[in-house]
Amino acid sequence: MHWNELKQEILERARSRTVIITGAGGGIGAATAREFNNYGSNVVLADIPALESNAKELIVSFAYPDNAVFIAVDIRDWQQMQSLFKKTMETFGSVDTVVANAGVMESEHVLDMENVDGEGNLRESEEASRVIDINLKGTLNTLRLAMHHMRFSSTTKNGQPSIVLVASTSGYFGGTGVAAYIASKHGVIGLLRASQLVAKKYGISITAVAPFFTPTAITSGLSERWKAAGLEANTPEMVGKVILQSALEDNNSGSCLLVAGRFLRELELTRGDLIPQWLGRDVKEFMDTAFNVIQETGGYALPKIRAKV
């Protein structure tokens, strides 16, 4: 098991960095923006237009309000995301850290088999598509553009460029019934793992944070029952500090920090340590050899598209 603790000397490295945080209009994103600003970072709060007034009120309360701006964006829209990064460069001159935090949970059960039309046909779940588009496509858009803007600046005055993907314990466990959210957060962990070879090539640190229950707008329906059960909850501020450390720590690319109340654990290194027990040492050795062959040949030979859908 890999243990972690917050280290003040690491948090101090935030000074003068320029940070984009998606979903910064409230909750974990807003708390993360405040943490970075408290330590002297330039902060771009990116969120949907409906949360602009929230974000601007937050900025006024910052320690360094002149070092923060709000930019409205839909992370699903490629042109809007390109504009977000362009405006950040024009305003602050660099993109040193990106926190891909924006996400939603479904507002109806997407595996509801009773959602049928008048003829008894199961309706398509538009809510499932919305959640996966925001949580996975939007995170992929954020990740790709962040890497694009960082790939020529692996050694800047502000240290190694970094990207933090905000996943969830739902990216590892699946017993809560919110199928689209769980699937999308598993996808975010997949992006963390899949991005490491390219991240290494360009000298970019890509990590993740997986918060357990944190009282925010998307978890409000569970807050009272959680409290009544006597369970310890995260706070957005606590998760924000962990995101800050994950963005600034040296030699931690590929890691994912679980935040569960007073417990802070690294998940990906632990998973790697346990693979021989999970699969058996013989299967692990076989798969390691196979993966080495794939990497030595430059990765999978990508198939040609047979027909446009």
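So here's what we get for this one:
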| item | result |
| --- | --- |
| Candidate set: segment 7-29, residues that are hydrophobic (A, V, I, L, M, F, W, C) and more than 15 Å from residue 100 (Cβ to Cβ); chosen: the one modelled with the highest pLDDT | 14 |
| Looking only at segment 139-168, and only at residues there that are among the hydroxyl-bearing types (Ser, Thr, Tyr) and surrounded by fewer than 18 Cβ atoms within 10 Å (Cβ to Cβ), the one that is modelled with the highest pLDDT | 153 |
| Set 11, 45: member being free of Cβ contacts under 8 Å to residues at least 40 places away in the same chain and in the same structural domain as residue 248 (by TED's automatic domain parsing) | 45 |
| The one condition in (1) aliphatic (A, V, I, L, M); (2) surrounded by fewer than 15 Cβ atoms within 10 Å (Cβ to Cβ); (3) without any contact (Cβ under 8 Å) to a residue 24 or more places away in the chain that residue 182 fails to fulfil | (2) |
| Hits in segment 185-205 (condition: buried (at least 18 other Cβ atoms within 10 Å of the Cβ) and either modelled with pLDDT under 95 or among the aliphatic types (A, V, I, L, M) (or both)) | 188, 189, 191, 192, 199, 204 |
| Residue pairs meeting the criteria (Cβ under 6 Å; at least 6 apart or on separate chains; first not assigned by TED's automatic domain parsing to the domain that holds residue 193, in segment 276-299; second among the hydrophobic types (A, V, I, L, M, F, W, C)) | 284/275 |
| Residues located in segment 98-129, provided they are charged (D, E, K, R) and under 17 Å from residue 168 (Cβ atoms) | 106 |
| Single match in 252, 292 (criterion: farther than 29 Å from residue 169 by Cα and surrounded by 10 or more Cβ atoms within 10 Å (Cβ to Cβ)) | 292 |
| Residue in segment 106-138 that is nearest to residue 77 (Cα to Cα), counting only those that are in contact (Cβ under 8 Å) with a residue 60 or more places away in the chain and surrounded by 16 or more Cβ atoms within 10 Å (Cβ to Cβ) | 138 |
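The values are calculated or read from the model by the stated rules, or taken from the named source; none is laboratory data. Just so you know, these numbers come straight off a predicted model, no measurement behind them. Cβ coordinates were reconstructed from backbone atoms using ideal geometry, including for glycine residues, and neighbour counts include every protein chain displayed.
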